[in-house]
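A short worksheet on the structure shown next.
No value in this document is a laboratory result; all are computed from the given coordinates. What you are looking at is a predicted structure, and each value in this text was computed from that prediction instead of being measured. In this analysis, Cβ positions are derived from the backbone assuming ideal geometry, glycine residues included, and neighbour counts consider all displayed protein chains.
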Amino acid sequence: RRASTRGGHAMALLAWLPALVGCGAGMLLAVRMVEGSALLTSVLAGAILMVLFLLPGRKRSPAAPRARLTALPGGVAPVAEFAREEMGSEELAGSVKAHRHHLLVTSGPPSYWDGEVSTEVVDALGEVAVKGSGLRVTACFSDEATCPTVGSDDDLLIFPDMLHVPKLQPDEAAAAARALLAGKPVPRARPLSGRFIFVCCHGARDDRCGACGPQLVAMLRAVVASRDLAGEVHVYACSHVGGHAYAGNVIAFGRRAPLAAGGGAGGAGGAGDGGAKRTRTRVTGDWYGYVTPARCEDIVEALMDDRVVPDLWRGETRVAPAEHIEHSKIAKASGGRCEGCTCRE
C-alpha cells in the first residue's frame, strides 16, 4: 500500500511538471528583463509560457456514472399493491381505447375527488365528449412550482395537440371540445411546451390506484429532479384513465413518433415535409401499466429519448388498439423505438 502511495505521488508530480517548468522559466526570464534587452526577452518569455500553458496537464478522472434511482425518496417502503399477484399477469399492448384528443382539467388534489369527478367544466366537456367522439376527459392536479397550471383550477390541457387554455368557463369548455371535433382552432388556446407525465391516483375509484399513484408521483419527481429536468418534465396526478388492474397507470406525453408517408401533421406535433427523405413526426401520448417505483427512471429516460418502455407499454394516442400489439412487437425488437410502424393521422 505504501509503494502504491509513493507511485501516486510521483504521477501527480509529473502531471504538474509543465506548470512548474513554466513558473521557473518565467522567473528566470523576469530576471533577464531587468538586466537588459527587455523587449526581446519579454517576447521570448510570452512565447515560452504560452507553449507550456497549452501542453496537456493533469488528466481528470472520468465522471462516475450517475446512480439510477430505484428507491422511493426518504427511504419509504413501496406499498404492498406493487407486489400483488396480478402484476404482469396480462398482455398490456392493446388495452387502450381509441381516442384522438385527451382533455385534462385541473380540478384540485386527488383527496377532493369522488368516485366520479364532477365540476362545471368537467361536466361541460363530458356532454360533448360522448362515447365514440374520440375525446377523453380526465381531471388532474399538480402542485409543482414549475408546472404551467400551478395554483389554478379549471385550466384545460389538450394532448397530443400540446395546447393550454387557462381558467376555462363551462361554456368555453363545450366550445373547445366542439372545436376539436370540427378540426378548428380552440379559442384562447396557447401552445404548451415541455413533456408531461400523468399518474392515476384516483383512490376513490380504486384502491390500487390510490395506493400506487402517490408513490409513483413522488418517485417520478425525484427522477426528474435528479436529471435536472425540472421545468421541462411535469408530473401530475390524474383521475381514472381505465384499467385499474394495470395500476400503477402512467401516461407520458411528449414523445415524437414517426408518421407514415401521407399522414397528417398531428396538430401541433407535425414537423413538416422538410425534404422527401425526412421522416415526419408527431407528438403522441404513451400509456403504461404495471409501473413500479423501480421503473420510473425507465419511463423518464424513454420519454426524453423519444422511445417507449416496451414491456410496460399499453398503447398510444391516435393509434387503433388493434395496431398496438404490432407496434409493441416492433418496439421490443428495436429498443423501444417505433421504427417501421405505419402510424397515420
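In a fully extended conformation the segment linking Leu181 and Ala322 would gain 48.5 nm over its present Cα-Cα distance, using 0.36 nm per residue. Qualifying GluC sites (Glu not before Pro) in region 74-112, where qualification requires a DSSP coil assignment and no more than 15 other C-beta atoms within 10 Å, comprise Glu85, Glu86, Glu90, Glu91.
Sparsely packed loop sites in region 166-256 (the trypsin sites (Lys or Arg not before Pro) outside DSSP H, G, I, E and B with at most 16 other Cβ atoms within 10 Å) comprise Lys167, Arg188, Arg227.
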